[in-house]
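What follows is a short report on a single structure.
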Amino acid sequence: MISVLYVDDEPMLLDICRMFLHRSGNMQVTTSTSALEGLKLLTSGSFDAIISDYQMPGMDGIEFLKAVRRDNITIPFIIFTGRGREEIVIEALKEGADLYLQKGGEPQSQFAELKNNIEQLVRQRKAESDLIYSETLYHTLFEAAQDAIFVMDGDRIIECNHRTAEMLAADIEYFVGKSPVDLSPEFQDDGTSSRDKAGFLIHEALEGRAQFFEWKMKRTDGTFIDVEVSLNRIEVKGTYLLLSIIRDISERKRILNEL
């Protein structure tokens, strides 16, 4: 259910609009005959979109828009008015209005257009909000992880976390553009070529077959560490990337060797 606040000083138009939008079945409309009352309603309730007339006593639609944008820069705001002067349209859009619709014409088609625009704007805002949430969550987990994490495009690192920098003794910028082979000795402990083995593992992961293996890595100071690697394919905006989670197991292997 989409919750809409509609502000207009014409009670009859408020009733007609509310009736039409309610009839659509997915909108709940709260009405107000003044912008000042509309601001009070915004502080006491939650709305997904705002429709506002321009010419109203006390506070006009542009002033109402400015007041709303001081506290909420994302809620869809539609100016719906009979005044169609170009300078008003420009000012409304400059102050953050998402849409400017002019009253008039056949009511059925006009309110249908208004309904469609509200639904589209609300969907767009939700998608943007979900994306921001997902990216924030991703970066929080990415940086909070106790393991090193690479994101790779093919065999090239495009992003890594701060734990990577700590584990391999270099700044984050050092790793971008490099291949895991650049961070490995020429041969692994089993005698296989790091280049050949990495190429096979990356190919398998890109084919959708997750890989889990031990690996020897070379730090920038010339020392070596033993790690456990989980290599998985992920899809980001239609592109396949590789997520590599790397855990330092040097201490565990040292203890096992001593035992």
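Solvent-accessible area of Asp71, all protein chains in place: 140 Å² (probe radius 1.4 Å, heavy atoms, ligands and nucleic acids excluded). Pairs spanning more than 25 Å between alpha-carbon atoms, out of Lys94/Lys115; Lys94/Lys237; Lys103/Lys126; Lys66/Lys115: Lys94/Lys237; Lys103/Lys126. Straight-line reach from Lys253: taking Cα to Cα under 29 Å and skipping same-chain neighbours fewer than 8 places apart, the lysines in range are Lys178, Lys197, Lys216, Lys218. For the chain, build the charge dipole from Cβ charges (+1 Lys, Arg; -1 Asp, Glu) around the Cα centre, then report which of His203, Leu13, Thr81 sits farthest towards its positive end. Looking along the dipole axis, the top candidate is Leu13.
For Phe77, the residues 5 or more places off, or on other chains, whose built amide H falls under 5 Å of its own are Ile50, Asp98, Leu99. For the range 66-133, the list of trypsin sites (Lys or Arg not before Pro) that fall in a loop by DSSP and count at most 14 other C-beta atoms within 10 angstrom reads Arg83, Arg85. Centre-to-centre, using Cα atoms only, the range 115-171 and the range 44-104 are separated by 34 Å. Of the trypsin sites (Lys or Arg not before Pro) found in the range 186-259, those in coil by DSSP whose Cβ has at most 14 other Cβ atoms within 10 Å are Arg209, Arg219, Lys237.
Taking GluC sites (Glu not before Pro) in DSSP loop conformation with at most 11 other Cβ atoms inside 10 Å as exposed sites, the chain has its longest uninterrupted site-free stretch at 1-185. What does the charge count around Pro185 come to, taking other residues whose C-beta lies under 10 Å from its C-beta (Lys +1, Arg +1, Asp -1, Glu -1)? Once positives and negatives cancel, what remains is 0. Equivalent-ellipsoid semi-axes for the chain (Cα gyration tensor, √(5λ), whole Å, largest first): 60, 18, 16.
The values are calculated or read from the model by the stated rules, or taken from the named source; none is laboratory data. Computed from a predicted structure; not experimentally measured. Don't worry about glycine lacking a Cβ; one is built from the backbone with ideal geometry, like all the others, and counts go over all protein chains shown. Areas reflect the complete protein model, heavy atoms only, side chains present, ligands, DNA and RNA absent. Shrake-Rupley method; radii C 1.70, N 1.55, O 1.52, S 1.80 Å.
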